[in-house]
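**Student:** Here's a structure for you.
The values are calculated or read from the model by the stated rules, or taken from the named source; none is laboratory data. Everything numeric in this text was worked out from a predicted model, so none of it was measured. Don't worry about glycine lacking a Cβ; one is built from the backbone with ideal geometry, like all the others, and counts go over all protein chains shown.
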Amino acid sequence: MWKRLLLIRGAELAALALLAAIPLMVDNSYVLGLLTLLAIYGILLIGLDVTVGYLGQVNLAQAAFLGLGAYAAGLCVANFDFGMLAALAAALVVGLIFGTLLAFPALRLEGPQFALATLSFSALSATTLNEWEGLTLGAQGLQVSRPPFLGMALDAPEFFWLCLLLLALVWMAMRNLLSSQWGRAFEALRDSPIATDAMGVGTYRHKVAGFALASGLGGLAGGLYAFNFQYLQPQSFGWDLMVILLLGVVLGGRKSLWGALVGASLIALLPNLLSNRGLFQIFSAIGLLIALAAGGQGLLKKTTRPFQALAPVAAMGILMVGSLIVENTEDWRKAIFALMLFSVVVGLPEGLMGFAARFLTRLFHIEPPRLPAPASLDTVLPKRTANGGALLELRGLERYFGGVKAVDGVSMTVQAGEIHGLIGPNGSGKSTAVNVISGLYVPTGGDMLLRGKLLPVGSLFKVARTGVARTFQNLQLFGELSALDNVMVALKDVYRSPLPLVLLGLARAEEKRARAAALALLELVGLGDQARSLAKDLTYGDQRFLEIARALARKPELLILDEPAAGLAHPDVNKLMGIIKRIHERGISIILIEHHMDVISELCGVVTVLDGGKIIAAGTAEQVKRDPKVIEAYLGVADDPAGAAAPAQAG
């Protein structure tokens, strides 16, 4: 633990100290300007990485927020005589406001549509800044004076130290935020927005919060940009800068503060590398060596396909040859950026720092932090008193898809403390029914009551908050998160620290309690020894069990298991039945949809059978197996009601 702490925190302090000491050792205004720009871009890329790395969205608006923040700060100084702190605060607020306003419509879109929405915003911002000459002076440009900071006029080195200090503060705040429940939620909603809502986290609000935060940092960086260059033109915040910023995030490494710093260093230096042919040749040679090393390592370990290994080598080889042939490399700037971006996306999807982190972890044998002891299960999942009574009531529930009546007038009662089986042949409406109950689908008609109160409709998030948790027929895990983090995302009644305390790093005790609680739930389903494994690397059976543990983190009153034994081998089916029995012993009511009739027979006290969206039978497992309507639904012919013939499996 201490070794890890010294290496990681020591590296951060060493990098900060080195950057801070350069002005004391090098008296060169040009070098100082590059360092200042590096610090500003560092803040900007940390914000951009929230949307690109954590939310998984291609954000083409960060350059626009840089421009809006720059003009906001400059105009506040010019028109209202703001000091530097007030002007920077105004730039931050402008970024937050415009980011929030853009997030509400844009984040309802995904993929290319979201990218186009942010691109349109960037184009609109640049046009407005250019055409609103009465305020911004348009293409003529806006002169900006550097205001005093707390009554002191800052020279170039002092302003650099201020930018570096703000970068350090943003670094620490974002490190605390992204290692907290907020960061896990950002990553979870990127992997599975449906499961994030079903865990009571709230996909949309976290997306808006993340995008607004990134935009606010863009605005803050814009204020510093204005006071650094002291002259603004709208075209400075256009398409070229947008591409460079994306290149910086991808090249440095997504989901990494170090990646943002490395990316900022590269994009601050790139224009100078392109203007100096000798430096660019050296840079191209280094890039070719990295491509060869990464590709060779991937081929040896069989983690990389030949195309993925060779394409970046070819691209960087072209760049190397071009640096030797082309006289003026600046004329080929866009082509060079395109080749670099292609090389990184194909050959190093984790970026330079992702590649370096794996190498350094092996080199220094850095172990992950030690996990706490699991909490008491009685604390994490208290036993519920079996007080009986109706828990869930469905009254004439309907769900139509066009002319198809997937659920047609279903009335059913689930008693508190029971395991209620829901079976039927394929296409009978079982999964549709639980999708309506859990809020994934909006009912066409009918009522749903939980403890006598109407259940929210059409919202996984709202239903989850009422005490209903579920698993999915098709797994909806957060594949890029560990098993431990999958459960921690969903924990209920654990995270109480307000955002300011999280940013200040004062929620660590809360995080420790959350880990202990999550470990207790993983132990319950037999995954305690795989807490650090990525969800995508678990066996199929363990992924099923992990999804159950994650649902239990909601401390549900009603747990819906949608075909949990589907695809499991016999030993895993036996293990699953043991897990469900242990859950039931804690007083949790369960709706179990299952095709394995032996599982239904052993676990369920009451079974409801659907066919064609309607209930055709209800009773004990033995009763429904011998019901003529059930036999006809499964076998296509009615058997003797008194006979022993019955469906071996419910589907």
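**Student:** Quick check on Ile8: is it in the same structural domain as Leu116 (by TED's automatic domain parsing) and assigned to a helix (DSSP H, G or I)?
**Tutor:** Taking the combined requirement at face value, the residue does not satisfy it.
**Student:** Is it true that some residue in the stretch 359-369 is hydroxyl-bearing (Ser, Thr, Tyr), surrounded by fewer than 18 Cβ atoms within 10 Å (Cβ to Cβ) and at pLDDT 75 or above?
**Tutor:** no
**Student:** On to the next question. Is at least one residue of the stretch 271-279 in contact (Cβ under 8 Å) with a residue 24 or more places away in the chain, on the phi < 0 side of the Ramachandran plot and of a type in the set (Ser, Thr, Tyr)?
**Tutor:** yes
**Student:** Would you point out the residue of the stretch 169-193, among those that are closer than 17 Å to Gly47 by Cβ and basic (Lys, Arg), that is modelled with the lowest pLDDT?
**Tutor:** Arg190
**Student:** Within the stretch 262-284, track down each residue that is crowded, with 23+ Cβ neighbours inside 10 Å and at pLDDT 85 or above.
**Tutor:** Passing the criteria: Gly263, Ala264.
**Student:** One residue is enough: does the stretch 408-428 have a residue meeting the conditions hydroxyl-bearing (Ser, Thr, Tyr), under 34 Å from the mean Cα position of the chain (by Cα) and assigned by TED's automatic domain parsing to the domain that holds Ala464?
**Tutor:** No, the stretch 408-428 has no match at all.
**Student:** Name the helices (runs of 4 or more DSSP H) wholly inside the stretch 530-641 in which the number of residues that are surrounded by fewer than 23 Cβ atoms within 10 Å (Cβ to Cβ), under 34 Å from the mean Cα position of the chain (by Cα) and not hydrophobic (A, V, I, L, M, F, W, C) is 3 or more.
**Tutor:** Filter on the stretch 530-641 gives 540-552, 570-585.
**Student:** So Pro234 fits all but one of (1) under 26 Å from the mean Cα position of the chain (by Cα); (2) modelled with pLDDT of 85 or more; what number is the exception?
**Tutor:** For Pro234, the failing item is (1).
**Student:** For the stretch 528-539, state whether one or more residues are among the hydrophobic types (A, V, I, L, M, F, W, C), closer than 30 Å to Gly389 by Cα and in contact (Cβ under 8 Å) with a residue 24 or more places away in the chain.
**Tutor:** No; the residues of the stretch 528-539 include none that is among the hydrophobic types (A, V, I, L, M, F, W, C), closer than 30 Å to Gly389 by Cα and in contact (Cβ under 8 Å) with a residue 24 or more places away in the chain.
**Student:** Restricting the search to the stretch 280-291, which residues are closer than 17 Å to Ala309 by Cα and free of Cβ contacts under 8 Å to residues at least 24 places away in the same chain?
**Tutor:** If the condition is that a residue be closer than 17 Å to Ala309 by Cα and free of Cβ contacts under 8 Å to residues at least 24 places away in the same chain, then Ile286, Leu289 are the ones that fit.
**Student:** Please verify whether Gly295 is within 31 Å of the chain's Cα centre (by Cα), surrounded by 15 or more Cβ atoms within 10 Å (Cβ to Cβ), under 17 Å from Ala39 (Cα atoms) and of a type outside the set (Lys, Arg), treating the condition exactly as stated.
**Tutor:** no
**Student:** Something else about it: Picking from Lys536, Lys555, Lys575, Lys512, which residue would you name as being among the charged types (D, E, K, R) and at pLDDT 95 or above?
**Tutor:** After ruling out the rest, the residue left standing is Lys575.
**Student:** Restricting to the stretch 129-169, and then to whatever is touching a Gly at 6+ places or on another chain (Cβ under 8 Å), buried (at least 16 other Cβ atoms within 10 Å of the Cβ) and aliphatic (A, V, I, L, M), can you tell me which residue is farthest from Phe227 (Cα to Cα)?
**Tutor:** Leu129
**Student:** Taking the options Ala126, Ala115, name whichever one is surrounded by 14 or more Cβ atoms within 10 Å (Cβ to Cβ), closer than 21 Å to Ile40 by Cβ and in the same structural domain as Phe227 (by TED's automatic domain parsing).
**Tutor:** It is Ala126.
**Student:** Testing Leu381 on (1) over 28 Å from the mean Cα position of the chain (by Cα); (2) at pLDDT 90 or above; (3) aliphatic (A, V, I, L, M), one condition comes back false. Which one is that?
**Tutor:** For Leu381, the exception is condition (1).
**Student:** Shifting gears a bit: Here are some residues: Leu88, Leu102. Which one is under 20 Å from the mean Cα position of the chain (by Cα), buried (at least 22 other Cβ atoms within 10 Å of the Cβ) and in a helix (DSSP H, G or I)?
**Tutor:** Leu102
**Student:** Starting from residues that are farther than 18 Å from Ala87 by Cα and of a type in the set (D, E, K, R), keep the ones in the stretch 112-154 and report whichever is nearest to the chain's Cα centre (by Cα).
**Tutor:** Step by step, filter the stretch 112-154, then rank; the result is Glu131.
**Student:** Taking the residues in the stretch 128-140 that are in a helix (DSSP H, G or I) and free of Cβ contacts under 8 Å to residues at least 12 places away in the same chain as candidates, determine which candidate is nearest to Asn59 (Cα to Cα).
**Tutor:** Thr128
**Student:** Tally time: how many residues in the stretch 93-123 are touching a residue at least 12 places away in the same chain (Cβ under 8 Å) and closer than 24 Å to Leu232 by Cα?
**Tutor:** Number of matching residues: 11.
**Student:** Sticking with this one: Give the residue, chosen from Ala507, Ala464, Ala469, Ala518, that is within 21 Å of Leu377 (Cβ to Cβ), in contact (Cβ under 8 Å) with a residue 40 or more places away in the chain and either surrounded by 17 or more Cβ atoms within 10 Å (Cβ to Cβ) or assigned by TED's automatic domain parsing to the domain that holds Glu594 (or both).
**Tutor:** Selected residue: Ala469, the only one of Ala507, Ala464, Ala469, Ala518 that is within 21 Å of Leu377 (Cβ to Cβ), in contact (Cβ under 8 Å) with a residue 40 or more places away in the chain and either surrounded by 17 or more Cβ atoms within 10 Å (Cβ to Cβ) or assigned by TED's automatic domain parsing to the domain that holds Glu594 (or both).
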